[in-house]
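Following: one structure in structure tokens, then a few remarks.
The values are calculated or read from the model by the stated rules, or taken from the named source; none is laboratory data. Everything numeric in this text was worked out from a predicted model, so none of it was measured. Because the Cβ atoms are built from the backbone with ideal geometry, glycine has one as well, and the counts that use them run over all protein chains shown.
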Amino acid sequence: MKTEGRNAVSELLKTDKNIEKIMLEKNPQGSLLKIFSEARRKKVRVQFVERKVLDKESTEKRHQGVIAFSTDFVYASLDDILGAKSEKGGFVIVCDGIEDVHNLGSVIRVAECAGADGVIIPVNNSASVNEAVVRISAGAAEHVRVAKVNSLSRAVEELKKAGYWLYALEADGQNIYETDLSGNIALVIGGEDSGVRRLIREKCDFTVALPLCGKVNSLNASVALGIAAYEVLRRR
């Protein structure tokens, strides 16, 4: 698995994951030099190359002078996420049909910053955690538990059995600022076009919305999640 970009590689080096090698632009300066120092401290092999070599290896040509090669992303289990809740209660993010890697990367970044216990994604109709997602998450994917489940419907039922309240984030829901957000919470966000599917929405306990004051009738999924997640954090 390739991890591209200075922030993403820096975060990868903070984990215990097996890094096979790091390709670094020759004559590193600034944050690239810090990456080299940390890699040497952790005894990770560093290969100095011309920028054109990085351009060739890069998937999206946004390597910023560094690419790390590691073992494939290791998904957590649903039990791992359920077992991670704190004294303040559990906080989980459920993705129903987030197929765009940019949105999934942003969702994972929000989850890490807002202190969520983990992110749940389905096997089908969802982006997977790949090098693009890791880069877009600015390295947050190295710290967040992401569970990939065969049945999102069953995972939702398991959350309910474990004492979680499920909140579908949809435009026609009740105002989130007027909603009780105490206890164990799972925020459910839908796909970019379709929103939360009817089957999943019917299993949720509440449907909540962010008030919209402009002429546009919706927010990007990861932006909406960021606002909602920080409202959960604020209440705690």
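Residue check: is Leu199 over 18 Å from the mean Cα position of the chain (by Cα), part of a helix (DSSP H, G or I) and of a type outside the set (D, E, K, R)? Yes: the conditions hold for Leu199.
The condition (being more than 18 Å from Ile81 (Cβ to Cβ), in contact with a strand residue (DSSP E or B) (Cβ under 8 Å, 6 or more places away or on another chain), in a helix (DSSP H, G or I) and small (Gly, Ala, Ser)) is satisfied by just one residue among Ala171, Ala224: Ala224.
Put simply, of Ala224, Ala228 the only residue that is surrounded by 13 or more Cβ atoms within 10 Å (Cβ to Cβ) and under 16 Å from Gly115 (Cα atoms) is Ala228.
If the condition is being at negative phi, modelled with pLDDT of 95 or more and not hydroxyl-bearing (Ser, Thr, Tyr), then region 161-173 contributes Lys161, Ala162, Trp165, Leu166, Ala168, Leu169. Scan region 107-121 residue by residue and report those that are over 17 Å from Thr3 (Cβ atoms) and crowded, with 20+ Cβ neighbours inside 10 Å. Selection gives Val107, Val110, Ala111, Ala116, Asp117, Gly118, Val119, Ile120, Ile121.
Checking region 149-167 against the condition returns no match, with no residue being closer than 22 Å to Glu11 by Cβ and either surrounded by 24 or more Cβ atoms within 10 Å (Cβ to Cβ) or touching a residue at least 12 places away in the same chain (Cβ under 8 Å) (or both).
If I ask for residues that are in a helix (DSSP H, G or I) and under 20 Å from Ala162 (Cβ atoms), which ones from region 202-221 would you list?
Across region 202-221, the qualifying residues are Glu202, Lys203.
With respect to (1) out of contact with any Lys or Arg (no Cβ under 7 Å at 6 or more places or on another chain); (2) of a type outside the set (D, E, K, R); (3) at pLDDT below 95, the lone exception for Ser10 is condition (3).
Those helices (runs of 4 or more DSSP H) of region 1-119 in which 3 or more residues are of a type in the set (Lys, Arg) occupy 31-41, 51-57. Considering (1) touching a residue at least 60 places away in the same chain (Cβ under 8 Å); (2) over 27 Å from Tyr167 (Cα atoms); (3) out of contact with any helix residue (DSSP H, G or I) (no Cβ under 8 Å at 6 or more places or on another chain); (4) not hydrophobic (A, V, I, L, M, F, W, C), the lone condition that Arg135 does not fulfil carries the number (3).
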